[in-house]
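Visitor: Handing you a structure now.
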Amino acid sequence: MPLLSVTDLKTHYQSRDGLLRSLDGVDLFVERGETVGLVGESGCGKSTLGKTLLRLVDPTAGRIEFKGEDITRVDQRRLRSVRKSIQMIFQDPFASLNPRHTIGEILEAPLVVHKAGDSAERRRIVAGIVSKVGLPADSINRYPHEFSGGQRQRIGIARALLLNPELIVCDEPVSALDLSIQAQILNLLVEMKKEFGLSYIFISHDLSVVRYFCDRVMVMYLGRIVESADNETLWSDPRHPYTRALMEAVPDPSRPRHAAPLGGDLPSPSNIPSGCRFHTRCPLATDRCRAEEPEFRSIAPGHEVACHFADSIN
Ligand code: SF4
Ligand code: MG
């Protein structure tokens, strides 16, 4: 049984522009110990997917199972307990760190909510996690504004680890950081994964980061997964024209060029194109693409693609 399994998940919002189909039928799974990358342009629904998985946003339809339990519609009490096991790391940890509280107070708060030990025990847990993520011991007496971006992300990671989670959704955890700091934070995530036996869903618009970091990659376009494969297969044999276009944006002289870089804008999720939702930007689109939505289907073991011509393009 996978750690997490998601079936036909939809999250639709009512907005001024009409119904936003931010998530529009997502199927995915995460095995224990896996790091699954989720890539796509900004606005494709990646963050909505992350938030829906944690039930920070309620899905409109579909099913989320965590360790075999259907958590799609569980009540708040049960949800609180599930949230110990599924945590999230955000792009901008500063926005989620209360500026008036010390790091010690910020890190102790979830332990209080989840009644993890008495105050001496909680301080011991906090001191332990602060040292594990590579922050100096006196950090606990300081305030968020006293830390650099990389250090704040270490605080965000510490907070996510506090309750011994099994799955962490990392939403663009290094996108706001300088390149040299990005590597440090990615390495920390790798170490923590080993140490705590974690699984990750790693959301990024940056394929080169995902390539370095993930076992398996899912490519998302306008609220749907359009390609999923293990990391190596995705890079050596991408089958969806969108995946190919994304890859063209990543400089790599060793790789053959498959396609032109992506043109045009991402359509609005309030106005999803008919048939294949990628047809307005796809260099290979035909009349069939405009009329008929391609099924997300397996073309080889562990390799799934939503394109009518996935088998024949090269
Ligand atoms: Fe392009 Fe057609 Fe494939 Fe969609 S189904 S990705 S439009 S070739
Ligand atoms: Mg986002």
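Visitor: Which residue pairs have Cβ atoms closer than 9 Å, lie 6 or more positions apart in sequence or on different chains, and pair a first residue in the stretch 278-302 that is within 21 Å of Leu246 (Cα to Cα) and within 8 Å of ligand 1 (Cβ to nearest atom) with a second residue that is in a helix (DSSP H, G or I) and of a type in the set (Ser, Thr, Tyr)?
Guide: Phe278/Tyr242; Cys282/Tyr242
Visitor: Hey, could you check the stretch 225-238 for residues that are under 20 Å from Gly25 (Cα atoms) and buried (at least 24 other Cβ atoms within 10 Å of the Cβ) and say which is nearest to ligand 2 (Cβ to nearest atom)?
Guide: Val226
Visitor: If you don't mind, another one. Please go through (1) hydrophobic (A, V, I, L, M, F, W, C); (2) buried (at least 16 other Cβ atoms within 10 Å of the Cβ); (3) part of a loop (DSSP other than H, G, I, E, B) for Leu111 and return the number of the only condition it doesn't satisfy.
Guide: Result: Leu111 fails condition (3) only.
Visitor: Restricted to the stretch 265-283, and to residues that are within 24 Å of the chain's Cα centre (by Cα) and among the small types (Gly, Ala, Ser), which residue is nearest to Leu222 (Cα to Cα)?
Guide: Ser268
Visitor: Further question on the same structure: Is there a residue being more than 10 Å from ligand 1 (Cβ to nearest atom), crowded, with 20+ Cβ neighbours inside 10 Å and either closer than 22 Å to Thr35 by Cβ or at pLDDT 95 or above (or both) anywhere in the stretch 243-261?
Guide: The answer is yes; a qualifying residue exists.
Visitor: What residue, of Ile86, Ile71, is buried (at least 17 other Cβ atoms within 10 Å of the Cβ) and without any contact (Cβ under 8 Å) to a residue 24 or more places away in the chain?
Guide: Ile71
Visitor: If you check Ile89 against the conditions, is it in contact with a Gly (Cβ under 8 Å, 6 or more places away or on another chain) and among the hydrophobic types (A, V, I, L, M, F, W, C)?
Guide: yes
Visitor: Applying the selection to the stretch 194-205, what residues are in contact with a strand residue (DSSP E or B) (Cβ under 8 Å, 6 or more places away or on another chain) and of a type outside the set (Phe, Trp, Tyr)?
Guide: Result: Leu198, Ser199, Ile201, Ile203, Ser204, His205.
Visitor: Determine the pairs where a residue that is at positive phi, located within the stretch 45-58, has a partner that is within 16 Å of ligand 1 (Cβ to nearest atom) and of a type outside the set (D, E, K, R) with Cβ atoms under 9 Å apart, the partner being 6 or more residues away or on another chain.
Guide: Qualifying pairs under 9 Å: Gly45/Met220; Gly45/Tyr221; Gly45/Leu222; Gly45/Gly223.
Visitor: Then there's this: Of everything in the stretch 47-84 that's touching an Asp or Glu at 6+ places or on another chain (Cβ under 6 Å) and modelled with pLDDT under 95, which residue is nearest to Val36 (Cα to Cα)?
Guide: For the stretch 47-84, the residue satisfying everything is Gly50.
Visitor: Right, here's the next one. Of all residues being surrounded by fewer than 19 Cβ atoms within 10 Å (Cβ to Cβ) and in a helix (DSSP H, G or I) in the stretch 151-187, which is farthest from the chain's Cα centre (by Cα)? Just the residue, please.
Guide: Ser180
Visitor: If the requirement is being at pLDDT 95 or above, at positive phi and either among the small types (Gly, Ala, Ser) or in a loop (DSSP other than H, G, I, E, B) (or both), which of these qualifies: Gly128, Gly134?
Guide: It is Gly134.
Visitor: A further question on this structure: Among (1) out of contact with any Asp or Glu (no Cβ under 9 Å at 6 or more places or on another chain); (2) more than 16 Å from ligand 2 (Cβ to nearest atom); (3) farther than 19 Å from Leu56 by Cβ; (4) outside any loop (DSSP other than H, G, I, E, B), which single condition is Val210 missing?
Guide: (2)
Visitor: Continuing with the same structure: For Ser42, which of the numbered conditions (1) in a loop (DSSP other than H, G, I, E, B); (2) at pLDDT 90 or above; (3) hydroxyl-bearing (Ser, Thr, Tyr) fails to hold?
Guide: Going through (1) in a loop (DSSP other than H, G, I, E, B); (2) at pLDDT 90 or above; (3) hydroxyl-bearing (Ser, Thr, Tyr) one by one, Ser42 breaks only (2).
Visitor: Go through the stretch 284-299 residue by residue and tally those that are over 26 Å from the mean Cα position of the chain (by Cα) and hydroxyl-bearing (Ser, Thr, Tyr).
Guide: 1
Visitor: Now for a different question. Pairs under 7 Å by beta carbon, first residue in contact (Cβ under 8 Å) with a residue 60 or more places away in the chain in the stretch 136-157, partner of a type in the set (Val, Ile, Thr), six or more apart or different chains?
Guide: These pairs meet every condition: Gln153/Ile185; Ile155/Ile103; Gly156/Ile89; Ile157/Ile89; Ile157/Val133.
The values are calculated or read from the model by the stated rules, or taken from the named source; none is laboratory data. Since we're looking at a predicted model, the values are computed, not measured. Glycine also receives a Cβ, built like all others from the backbone with ideal geometry; neighbour counts cover every protein chain displayed.
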